[in-house]
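Structure, as C-alpha cells:
The values are calculated or read from the model by the stated rules, or taken from the named source; none is laboratory data. Just so we're clear, the structure is a prediction, and the values are computed from it rather than from any experiment. Here Cβ is always computed from backbone atoms with ideal geometry, including for glycine, and neighbour counts include all displayed protein chains.
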Amino acid sequence: MDSSGLRYYRYSLSAQERNDVIQVYNEGAKSMQTDVKAAIDAFEKVIVLSDKVGETANDLKQKPCRFTGLYLRLPTTTERR
C-alpha cells in the first residue's frame, strides 16, 4: 500500500470511529426523557470513545458535559422513612 492509500485508510478508520461516537451520543440523547441511567451511561461512553478516537472527536467529547443535571434526576437508592 502506498502512502496515499495508507492516509485514506487512516481517514476512513477515523471517520468510522467518529461516527460510532455520534451514534452513541444520539442514543444517549434519545434516552434522556425515558431512561436517565441509559442516557448517563451513553454520555459517559461518548467521553471514553472520544478519547480513543482522538483529536477528530474533541468536539463530541464536550457535548455530554451539558447534561450533568441528569445525575440529579437519578432515583435515589435509599428509601425515605
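Brief remarks on what is shown
- Selection within region 41-65 - of a type outside the set (V, I, T) and surrounded by 13 or more Cβ atoms within 10 Å (Cβ to Cβ): D41, A42, F43, E44, K45, L49, S50, A57, L60, K61, K63, P64
- Residues of region 33-52 that are closer than 25 Å to Q16 by Cα and either of a type in the set (K, R) or over 11 Å from the mean Cα position of the chain (by Cα) (or both): A38, K45, K52.
- Any helices (runs of 4 or more DSSP H) falling wholly within the chain and containing at least 2 residues that are modelled with pLDDT under 85: 3-31
- Subset of region 37-60 (residues that are of a type in the set (D, E, K, R) and either in contact (Cβ under 8 Å) with a residue 24 or more places away in the chain or touching a strand residue (DSSP E or B) at 6+ places or on another chain (Cβ under 7 Å) (or both)): K37, K52
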